[in-house]
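Structure record follows, encoded as structure tokens.
The values are calculated or read from the model by the stated rules, or taken from the named source; none is laboratory data. Because the structure is predicted, anything quoted here is derived from the model rather than measured. With ideal geometry, Cβ positions are generated from the backbone for all residues, glycine too; neighbour counts draw on all protein chains shown.
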């Protein structure tokens, strides 16, 4: 490690120590009447060398947002430039010890650059994009592409066929608005449900719905797929996302286990997770700041969500470490709200996307196991979404679920999103031939096998 790097690390360690001490002083002033061991607990919020390890925090996504025109001759140059920005940032992060899992590119709404007159014509355009990305992808990093939002009936109707053919290079979403009277566009919801059902019918095991979601009250520039979209309003932009469940679990495991009032324990847990996450956000952002981008490109912020996957600590383990017997038990709502506070409380970073608690059922081994133990249902997930997010994400449901039932649960989710002013999504997997309680036969590297949840 260079002298400069060591110096920076010392400054950041000192900064975090000072912040933690300030927190300790503040808590002493406010909580002097609490159990004596309370102070001992809060000493554990100080950063330890272990929590500074880059092995505990990975870069889940470096996402570039760019605009493609109708002129296909320009696509190679635009996509090459977007990929180059991601690669430059990925190399800088890797040089400092951070694993980068994927780079992603999100286009403007695909109706602006693809010929949507027919499925064949649109597919030809995506074939060209696939060819270009395959040519550009020389460093082995996983590259994903989002065609953005579908805005017309014709565009929505194209999605099943395009997703079936292009999969991870055709992530797409539909944004459902609300009218002045507080009612959702149910016609648009019905059309979206038809897409979900058709994708389930024409893709193996219905796995194609991994690449489609319905958004409610979701702002642009979400770095995660398939909810990510934009309309070019901020030009060429970069957004980061981190995978941090391993880090948060390590922070909780490091706390000294002593009796204390419940509120004190929860505050201690909050401070430990917040400080650990803040350290890595600060460090990654310092890497970004030191990495020059091409003219016209800007870094606009980070989605601070934990972004769990099947290859890291389960979110269910965080609930256990917070004292909840299992995910779905009493206390799950409280713990969900606490975890959400951790992601929202990060400082010196422009929050983008969800920046909240993600409960992606089939992307999380612990949540998948909880479905098999019947520890929660769809109603419970909606309840938790009231204090966290991101809605109903990667939830397997019976393959023969009636379209109106799916529409109704989307309306419930959307109503919550707008009523509570938060982003929520619905990404459901109707699994052909399976009923409630059956175990999914997914073969995707991204998905865990779960028990199918009944739709109320």
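General remarks:
- The condition (being touching a helix residue (DSSP H, G or I) at 6+ places or on another chain (Cβ under 6 Å), surrounded by fewer than 20 Cβ atoms within 10 Å (Cβ to Cβ), closer than 17 Å to residue 305 by Cα and at pLDDT 95 or above) is satisfied by just one residue among 346, 350: 346.
- Residue ID - nearest to residue 164 (Cα to Cα), chosen from residues in segment 95-122 that are surrounded by 18 or more Cβ atoms within 10 Å (Cβ to Cβ) and touching a helix residue (DSSP H, G or I) at 6+ places or on another chain (Cβ under 6 Å): 122
- Residue 209 being outside any helix (DSSP H, G or I) and either free of Cβ contacts under 8 Å to residues at least 60 places away in the same chain or at negative phi (or both): no
- Any chance residue 430 is in contact (Cβ under 8 Å) with a residue 24 or more places away in the chain, crowded, with 21+ Cβ neighbours inside 10 Å and either part of a helix (DSSP H, G or I) or over 21 Å from the mean Cα position of the chain (by Cα) (or both): yes
- Residue within segment 361-370 that is assigned to a helix (DSSP H, G or I), surrounded by fewer than 19 Cβ atoms within 10 Å (Cβ to Cβ) and free of Cβ contacts under 8 Å to residues at least 12 places away in the same chain present: no
- Residues of segment 293-307 that are surrounded by fewer than 21 Cβ atoms within 10 Å (Cβ to Cβ) and either closer than 25 Å to residue 364 by Cα or free of Cβ contacts under 8 Å to residues at least 40 places away in the same chain (or both): 295 alone.
- Count of residues meeting criterion [in contact (Cβ under 8 Å) with a residue 40 or more places away in the chain, farther than 12 Å from residue 266 by Cα and crowded, with 16+ Cβ neighbours inside 10 Å] in segment 308-335: 14
- Scanning segment 136-157 for residues being surrounded by fewer than 16 Cβ atoms within 10 Å (Cβ to Cβ), modelled with pLDDT of 95 or more and either part of a helix (DSSP H, G or I) or touching a strand residue (DSSP E or B) at 6+ places or on another chain (Cβ under 9 Å) (or both) gives a total of 2.
- Residues that are in a loop (DSSP other than H, G, I, E, B) and either under 23 Å from residue 113 (Cα atoms) or free of Cβ contacts under 8 Å to residues at least 60 places away in the same chain (or both), drawn from segment 170-191: 170, 177, 179, 180, 181, 183, 185
- Candidates 269, 276, 227, 250 - the one that is touching a residue at least 60 places away in the same chain (Cβ under 8 Å) and touching a strand residue (DSSP E or B) at 6+ places or on another chain (Cβ under 8 Å): 227
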